[in-house]
Amino acid sequence: MAAQVAAGISDPAEAARSRQFPFRYLAAYRHAPSLRWPYPLERALGHSLASVPALPGRTLVLVDRSGSMFSSRMSDRSELNRADAAAVFGTALAVRAAHVPGCT
């Protein structure tokens, strides 16, 4: 059963259908009870990047890592702080950009 769930989570069509924000997969990873889930969740996060708009041209991506970003959670129901979400979102933008200086 767990193998079927892992296959579903990491399926590109399922990731597109779910329309989850990439940082949701980070939250799931942090709550994963075993080492069975990190790889499918990482794949799902990668597939979810397809829903992030592509940025044409040169793009500078800056992520705020100041102290205030670590001081509160995203919501009352989340364990992720704003710095976690910003890091995933910044990475998503960088991956989807046509050219980001310093990234390969």
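Figures for the structure shown
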{"read-out": "Spin-label pair Arg82/Ser51, simplified geometry with 7 Å Cα→Cβ offset, distance in nm", "value": "2.3"}
{"read-out": "Sequence-distant residues sharing a close amide H with Ala97 (under 5 Å, placed H)", "value": "Leu55"}
{"read-out": "Span-like helix ranges in the chain, DSSP H, alpha carbon extent 20 angstrom or more, Kyte mean at least -0.5", "value": "82-96"}
{"read-out": "Sorted by Cβ neighbour density within 10 Å, fewest at the top, the residues Leu93, Leu35", "value": "Leu35, Leu93"}
{"read-out": "All Cα pairs of the chain, percent lying beyond 24 Å", "value": "31"}
{"read-out": "Ordering of 42-49, 60-67, 15-22 by packing [mean C-beta count within 10 Å, highest first]", "value": "42-49, 15-22, 60-67"}
{"read-out": "Spin-label pair Ala32/Arg65, simplified geometry with 7 Å Cα→Cβ offset, distance in nm", "value": "2.3"}
{"read-out": "Helical contribution to [θ] at 222 nm, DSSP H n ≥ 4, -39,500 (n - 2.57), averaged over the chain, rounded to 500", "value": "-14000 deg cm²/dmol"}
{"read-out": "Mean projection area, nm², convex hull over Cα of region 19-79", "value": "5.9"}
{"read-out": "Percent RCO, i.e. relative contact order, over the chain, from Cα pairs under 8 Å lying at least 6 residues apart", "value": "30"}
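The numbers here are math on the coordinates, done by the rules we state, and not lab data. Note that the structure is predicted; figures quoted are calculated from it, not measured. In this analysis, Cβ positions are derived from the backbone assuming ideal geometry, glycine residues included, and neighbour counts consider all displayed protein chains.
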